[in-house]
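Right, one structure below, let's go through it.
The values are calculated or read from the model by the stated rules, or taken from the named source; none is laboratory data. Note that the structure is a prediction, hence the values are computed from the model and not measured. Cβ placement follows ideal geometry from the backbone for every residue including glycine, while neighbour counts extend to all protein chains displayed. Please note that ligands, DNA and RNA were not included when accessible areas were found on the heavy atoms of the full protein model with its side chains. Shrake-Rupley method; radii C 1.70, N 1.55, O 1.52, S 1.80 Å.
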Amino acid sequence: MLTALHISKSYGKKEILSNISFTIRPGTLNAVVGENGAGKSTLMKILIGELNADKGNVILNGKSGYCPQHPLIFSMLTVNENFRYFASAYGLTNHYWKARRDKLMDQLGFKKYLHYRVEHLSGGTQQKLNLTLALLHEPDILILDEPYGAFDLATYQHFREMMFQLKDQGKCILLVTHLLNDAERFDQVFTLKEGGFQ
């Protein structure tokens, strides 16, 4: 579902990524692990098309969803208005997106904030919204860039359960993180160091 072929990226004379290639398939949970500054976020931006690689190609087969490390949401709108905006962008019907909204908010336990303005929410609740918006249209490929930094323990556990449920549903998941506690539960773990996979 997602294939990266010979991805390279430099900023000036500094090479960030060098000849990165990998494939992740349906029904798998995958991770890219690396220290801060290893090039993880650069790789993710290339995968989603936000940034152009100097060399190489990315092939995506299916709908993709992206949850960045820092929430990309509208702080002056309410939670529900954010859902409505993204649903319109995805081309979802009212019945469909409202059902999806309710299910996802129940799973992450923040439905009581539906009519709150985003600027009044905690960082953890904003990140819950960030994640649910990435999931709203039921993507086939989900790319997650350090998505749980602001989560408390209970929310983190719910998040992990959701990831394994999505895997069981045949979704393709790529998690980018500097720390992976349960690597044995992942189908593939790629360690990014000095611009390449180790």
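Descriptive notes on the structure:
- Conditions (1) within 24 Å of S75 (Cβ to Cβ); (2) modelled with pLDDT of 95 or more; (3) not hydrophobic (A, V, I, L, M, F, W, C): number failed by N94: (1)
- Counting only residues that are in contact with a Lys or Arg (Cβ under 7 Å, 6 or more places away or on another chain) and closer than 18 Å to N57 by Cβ, segment 8-31 holds 3 of them.
- Within segment 136-150, the residues that satisfy the criterion of being open to solvent by less than 30 Å² (accessible area, probe 1.4 Å) and assigned to a loop (DSSP other than H, G, I, E, B) are L136, H137, P139, E146, P147.
- Entry remark, segment 174-187: residues being modelled with pLDDT of 90 or more and either more than 26 Å from S10 (Cα to Cα) or in a helix (DSSP H, G or I) (or both) number 2 in total.
- Considering residues of segment 97-146 that are more than 29 Å from I46 (Cβ to Cβ) and among the small types (G, A, S) only, the residue modelled with the highest pLDDT: A99
- Some residue of segment 87-99 being over 22 Å from F197 (Cα atoms), among the aliphatic types (A, V, I, L, M) and open to solvent by less than 30 Å² (accessible area, probe 1.4 Å): yes
- Qualifying residues in segment 11-46 (those that are part of a helix (DSSP H, G or I) and in contact with a Leu (Cβ under 7 Å, 6 or more places away or on another chain)) - the one surrounded by the fewest Cβ atoms within 10 Å (Cβ to Cβ): K45
- Residue selected from segment 76-86 under the condition among the aliphatic types (A, V, I, L, M) and open to solvent by less than 80 Å² (accessible area, probe 1.4 Å), by the criterion nearest to K111 (Cα to Cα): V79
- A residue that is over 20 Å from the mean Cα position of the chain (by Cα) and open to solvent by 60 Å² or more (accessible area, probe 1.4 Å) occurs nowhere in segment 58-75.
Yes or no, residue by residue, for (1) without any contact (Cβ under 8 Å) to a residue 12 or more places away in the chain; (2) part of a loop (DSSP other than H, G, I, E, B); (3) out of contact with any Cys (no Cβ under 6 Å at 6 or more places or on another chain); (4) not hydrophobic (A, V, I, L, M, F, W, C):
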site: K112; (1), (2), (3), (4): yes, no, yes, yes
site: A134; (1), (2), (3), (4): no, no, no, no
site: A154; (1), (2), (3), (4): no, no, yes, no
site: M163; (1), (2), (3), (4): no, no, yes, no
site: L166; (1), (2), (3), (4): no, no, yes, no
site: T191; (1), (2), (3), (4): no, no, yes, yes
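- Yes/no for L2 being touching a helix residue (DSSP H, G or I) at 6+ places or on another chain (Cβ under 6 Å) and not hydroxyl-bearing (S, T, Y): no
- Yes/no for F164 being loosely packed, with under 14 Cβ neighbours inside 10 Å and at pLDDT 85 or above: yes
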